[in-house]
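A short write-up of the structure that comes next.
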Amino acid sequence: MAADRTDAPPPRKLDLVKDKGLHVEWPDGRVSYYTIAYLRRMSPSAESRQLREEMARNPLTVLPSGGAPASSSPLLAESAEFVGNYALRIRFSDGHDTGIYSWAYLREIDPNKDDA
């Protein structure tokens, strides 16, 4: 289960590059970087969590087509907005925008958390 929204303080700095990724500087000095594709894959939305769980149980799970038409364009973060002072909502170019990335969840899914 994802960490509670109060488990982590807000970042000191956020830098979202829409075609690359999210760079986060935390109050404890840790720096995290998440590619746009990784953030989309790890979306905390209920539908994305359910899909990840199903894929863990059955590697032959058929992936949904998503709501957006197929495109040769790369996945982008079209926009982002704060949700209170505990999270960030990212709108992706494939139409997905229901995941709310709490600071605690971002710490939990940090691709380099084992390097600390």
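No lab work stands behind these numbers, since they all come straight from the coordinates. Just so we're clear, the structure is a prediction, and the values are computed from it rather than from any experiment. Neighbour counts are summed over all protein chains in view; Cβ atoms, including those assigned to glycine, are modelled from backbone coordinates with ideal geometry.
Packing, as the average of other Cβ atoms within 10 Å across residues, places the peptides 92-102, 44-54 in the order 92-102, 44-54, highest first.
A cut-off under 11 angstrom between Cβ atoms defines the neighbours of Ile36, and their net charge, with Lys, Arg +1 and Asp, Glu -1, is +1.
Stretching Val62 away from Ala46 to a fully extended chain increases their span by 4.0 nm, per 0.36 nm per residue minus the current alpha-carbon distance.
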